[in-house]
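The values are calculated or read from the model by the stated rules, or taken from the named source; none is laboratory data. Remember, predicted model here, so these are calculated numbers, not experimental data. Every residue, glycine among them, receives a Cβ derived from its backbone with ideal geometry; neighbour counts consider all protein chains shown. Quick note on the areas: whole protein, heavy atoms, side chains included, nothing else; ligands and nucleic acids left out. Shrake-Rupley method; radii C 1.70, N 1.55, O 1.52, S 1.80 Å.
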Amino acid sequence: MSAVEVKNLSLSYGDIKILENLNFSVPENSFVSIVGPNGAGKTTLMKILLGLIKDYTGEIKIFEKKPDEINPQMIGYVPQIKTMDRNFPALAIELVASGLLRKWPWSVGGKEKDNSLKALSLVKAEHLAYRPLAELSGGELQRVCLARSIVRNPKLVVLDEPATGIDAIGEADLYNLLEKYQQNSKATVLMITHDWHVAHHHSDFVLLLNRKQVSFGSPEDALSEVNLRTAFGHIGHEHKVKIN
């Protein structure tokens, strides 16, 4: 069974085409990167898959159900940390527990505490449980957000530019954690990124997008030089792209 099936997906606002005729199928238990330049429609596609945008044309199935029919507990979401209020007076464990309860907890105890600590442990952040969010570095906060997204053991995890605002060491750490989690949990991971080098190293499949679908397939096929030039425009002097 496909985790995500998209057929003839398009979205326009007036005369402006945001997405045009996307067709791809994401196998279960795979790591997929959605790659494209700024304004390519990546975040819009994510919102459609999450059921937040409904005025599209075409057909979408997530585990054989429409986005608004899927059990929310089957999907975990990690937003860009730059969209979060870092000064919100809360502890890391409270943020994780909010993903379990789908509301902000007045207190965290019992089963919620145990499950939240387990999720933090999976991303090597259990030691951050009782730290205020305002005291966390970018990489630490992203780990806590990842723990929040996986605390309910979702079948699909969606991440929007997860490495934004994180230093190079923290970024490498995050991607390694994601890969390990995906392999151990057998969840399907959809990650939005503009960095095709990251997509090449960490993905089973890549969707290359610039409003239209440029390519979908293995990283080697999807990220060919011709496809990258189509999506991003000029990427340097012409040469055979090798990403090691």
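Once each part is reduced to its C-alpha centroid, what is the distance from region 164-228 to region 67-81 in angstrom? Between the Cα centre of region 164-228 and that of region 67-81, the gap is 19 Å. Bridges between two residues of region 2-232, per DSSP, are antiparallel at a rate of about 50%. Of the residues Val35, Gly76, Leu11, the one whose Cα sits farthest towards the positive end of the charge dipole of region 2-232 is Gly76 (charges of +1 on Lys and Arg Cβ, -1 on Asp and Glu Cβ, taken about the Cα centre). Taking the protein heavy atoms of region 17-58 in the context of the full set of protein chains, the accessible area attributed to carbon and sulfur is 46 percent at 1.4 Å.
As a quick test, which of the pairs Lys113/Lys155; Lys7/Lys180; Lys66/Lys212; Lys66/Lys186; Lys47/Lys155 have an alpha carbon distance above 25 angstrom in this structure? Among Lys113/Lys155; Lys7/Lys180; Lys66/Lys212; Lys66/Lys186; Lys47/Lys155, the Cα-Cα distance tops 25 Å for Lys7/Lys180. Extension gain for the segment Glu69 to Glu135, taken as residue separation times 0.36 nm less the Cα-Cα distance, is 19.9 nm to one decimal. Annotation for region 156-227: trypsin sites (Lys or Arg not before Pro) lying in DSSP loop with at most 13 further Cβ atoms inside 10 Å of their Cβ are Lys186. Residues in the chain average 50 Å² of solvent-accessible surface per residue, probe 1.4 Å, ligands and nucleic acids excluded. Of the solvent-accessible surface of region 74-162, computed with a 1.4 Å probe over protein heavy atoms with every protein chain present, carbon and sulfur atoms account for 52 percent. Size check on region 2-232: the Cα extents along the three principal axes, sorted descending, read 49, 37, 33 Å.
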